[in-house]
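Here's the structure, in structure tokens; my notes come after.
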Amino acid sequence: MAGRIRSEDIAAVRERARIEEIVGAHVTLKQAGVGSMKGLCPFHDERTPSFHVRPQLGLWHCFGCGEGGDVISFVQKIDSLSFTEAVEHLAGRAGVQLRYEDDGRGGRQGRSGMEPGKRQRLIEAHRVAAEFYVEQLESPEAATARAFLSERGFDRAATEPFGVGYAPKGWEPLSKHLRGRGFTEAELTASGLASQGNRGAYDRFRGRLVWPIRDTTGSVVGFGARRLYEDDQGPKYLNTPETPLYRKAQVLYGIDLAKREIAKRKQVVVVEGYTDVMAMHLSGVPTAVATCGTAFGSEHVRVVRRLLGDGVGGAAGVMLSSGAAVGGEVVFTFDGDEAGQKAALRAFGEDQRFASQTFVAVEPGGLDPCDLRQEKGDAAVRELVSTREPLFEFAIKSVLRQVDLSTAEGRVAGLRSAAPVVARIRDHALRGEYARELAGWLGMDEVPVRQAVQRAGRSDGGGEQRHERREDQREAPQPARQQARSDDPVVRLEREVLVAVLQLPQHALAAGFDDLGADTFAVPAHRAVHDAIRAAGGLAAYGTLVEELTARGAGGGAAAQAAAQWADGVRESAGPVAAMVTELAVAPLPEDRPEAIGGWARGVLLALIRLGLNRQIGEVKARLQRTETDDPSYQSTFTELIGLEQKRRALQGE
């Protein structure tokens with residue numbers, strides 16, 4: 001049975017899958033010098049971007065957490081896929097036809113235990129199901145569904161971008177349709193589109209209005225469905241169960257439509273329902289998303305932070321007079337009822353480096369965005385977002401609303417209730433500012449209020465302070481710690497040479513890198529990388545690749561294709577230092593002018609050659625001093641010294 005994907009097909013996937021597009025679906029990337037892009041790492045929390053992508057080489061590396069690799073490893077890590085699944089996913093996007101060969105064990109390969117291609121099969125099943133539901137929305141049976149949408153101001157043109165559809169009432173219309181398209185019963189149940197009963201699989205969604213839930217790449221991974229008929233005994237909203245594709249703690253409805261505007265506007269608006277997302281987008285708030293059957297949690301925070309880019313995780317969000325927040329913002333819109341306010345307050349407990357830029361928008365009349373649009377129009381929806389208030393302020397005032405501030409007893413009770421809320425604010429500057437604000441809201445002197453906040457912080461056992469210390473330690477980037485050990489100019493020069501060779505092989509080839517001896521590099525790790533380069537054929541192999549690709553008609557793209565293929569060969573030869581090869585291949589270049597980058601590469605390489613010559617000259621001089629003039633080896637040693645001096649003078653003349 002076929003199993004292992006052919007190596008040439010894997011190479012084709014690496015070459016045709018554009019890493020900047022794949023990574024850009026999860027991370028807001030910005031230009032960072034010649035041929036480099038950077039953004040916030042999606043694999044650890046950070047405030048300053050240390051995640052770099054080198055599109056020409058198809059590689060990425062985070063200088064904060066040390067993770068790195070190629071486009072396949074990125075998809076593996078970001079989507080929790082096996083190698084085979086990641087290759088298949090990328091092949092589907094890039095239009096590469098994969099071929100399989102026997103893995104030597106008569107079976108198929110896949111670290112997750114799933115058959116190769118299963119993820120793509122489930123994605124395809126969801127795509128077919130989404131098309132089926134959209135078609136069914138036009139059927140006579142779907143009149144109730146169409147009326148539901150129409151009553152809420154959604155015509156066909158409005159629903160089309162969201163892919164809204166209708167699941168027929170029968171037990172297995174979708175299942176029959178999918179079987180007719182070649183899907184097995186096992187695939188139907190694994191996808192969550194069907195449930196397993198005593199008589200086989202039956203449709204999970206029946207007689208319901210359905211919304212496709214897509215991931216950031218636009219692939220449908222699940223569905224949300226609303227009850228329409230009184231005889232339906234199920235829940236009002238029914239979602240896809242947890243599957244290999246659908247994890248409710250990670251998905252956000254509307255993220256595929258909103259991601260670019262989120263990155264552009266540095267804002268995300270979190271609402272509570274599918275129709276609320278639709279109403280927001282149609283009203284001119286295209287940054288709206290919604291959770292799917294669960295509260296907004298830490299994994300959602302990470303998704304949003306990656307899209308918001310550099311601003312999130314930095315200084316606290318500051319409101320300008322224009323109403324915009326410095327550094328990006330998250331706006332929660334909740335119903336005005338008690339449940340909605342509790343949902344808003346839950347956000348207070350999330351990662352406060354995120355919450356410091358979080359705002360809350362609650363419609364005074366208790367209307368959700370969909371109803372608000374119906375009753376008051378698009379402008380009212382936009383105004384709801386524009387009149388948001390900071391989350392910390394909302395949390396404190398929510399506590400104060402529970403007491404009577406017109407009495408002394410009520411004010412004291414308010415202080416006792418609100419002081420712990422203020423004490424939980426981890427940002428020192430904000431904590432002090434909100435202590436001052438609390439004093440004003442209570443009508444009390446500032447000093448006793450600050451003292452109450454301090455006491456509340458101590459009664460917490462110093463937990464927030466310990467958290468701050470942990471955050472400070474976590475934020476100390478790995479490169480800074482490495483830099484402390486690489487202040488040695490020789491170490492720094494060796495590193496720069498390897499960066500130049502791996503990223504600018506065309507310039508290093510002309511400068512004579514392949515002539516360097518095996519002992520040129522003094523740092524063991526650098527020497528191992530040099531060994532890997534030599535094992536991959538040195539820069540001569542890169543030159544040969546350029547010639548071959550040019551002969552095949554690659555034209556002006558031959559050098560770039562050759563650089564990527566040659567870098568892959570070096571990584572394959574690197575063994576235990578493969579991660580370091582990736583890091584060096586993605587490291588930011590010190591020179592950001594394209595016209596000057598070749599001069600820099602040649603300069604550092606010549607500096608290393610001169611350094612090596614100086615080392616050799618010193619060693620030969622020392623040996624000559626220890627040798628008597630009548631010793632037979634004296635003349636040969638002297639001749640060696642003259643030759644080295646001539647090489648050094650020749651280099652100095654360049």
Looking only at region 607-654, filter to residues that are of a type outside the set (D, E, K, R), at pLDDT below 80 and within 24 Å of V491 (Cβ to Cβ); which one of those is most open to solvent (accessible area, probe 1.4 Å)?
Q652
Which numbered condition E230 fails, given (1) in contact with a helix residue (DSSP H, G or I) (Cβ under 9 Å, 6 or more places away or on another chain); (2) open to solvent by 40 Å² or more (accessible area, probe 1.4 Å); (3) not in a helix (DSSP H, G or I):
(1)
Restricting to region 123-171, and then to whatever is touching a Gly at 6+ places or on another chain (Cβ under 8 Å) and open to solvent by 60 Å² or more (accessible area, probe 1.4 Å), can you tell me which residue is farthest from A290 (Cα to Cα)?
K169
Within region 269-280, which residues are of a type outside the set (D, E) and surrounded by fewer than 23 Cβ atoms within 10 Å (Cβ to Cβ)?
G273
State all residues of region 31-52 that are within 19 Å of I78 (Cβ to Cβ) and touching a Pro at 6+ places or on another chain (Cβ under 9 Å); if no residue qualifies, say none.
M37, K38, G39, L40, C41, E46, S50, F51, H52
Number of the condition not met by E591 [criteria: (1) out of contact with any Ser or Thr (no Cβ under 8 Å at 6 or more places or on another chain); (2) among the charged types (D, E, K, R); (3) assigned to a helix (DSSP H, G or I); (4) in contact (Cβ under 8 Å) with a residue 12 or more places away in the chain]:
(3)
Please enumerate the residues belonging to region 18-55 that are of a type in the set (G, A, S), in contact with a strand residue (DSSP E or B) (Cβ under 9 Å, 6 or more places away or on another chain) and in a loop (DSSP other than H, G, I, E, B).
A32, G35, S36, S50
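Residue by residue, here is whether (1) over 37 Å from the mean Cα position of the chain (by Cα); (2) modelled with pLDDT of 90 or more holds:
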| site | (1), (2) |
| --- | --- |
| D427 | no, no |
| P477 | no, no |
| Q503 | no, yes |
| A511 | yes, no |
Which condition from (1) buried (at least 18 other Cβ atoms within 10 Å of the Cβ); (2) farther than 21 Å from R610 by Cα; (3) hydroxyl-bearing (S, T, Y) is the one that T520 breaks?
(2)
Here are K176, K169: which of them is out of contact with any His (no Cβ under 9 Å at 6 or more places or on another chain), free of Cβ contacts under 8 Å to residues at least 12 places away in the same chain and farther than 30 Å from E20 by Cα?
K176
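The values are calculated or read from the model by the stated rules, or taken from the named source; none is laboratory data. Bear in mind that the values here come from a model prediction, so they are computed numbers and not experimental data. Every residue, glycine among them, receives a Cβ derived from its backbone with ideal geometry; neighbour counts consider all protein chains shown. Surface areas here come from the heavy atoms of the whole protein model, side chains and all, with no ligands, DNA or RNA. Shrake-Rupley method; radii C 1.70, N 1.55, O 1.52, S 1.80 Å.
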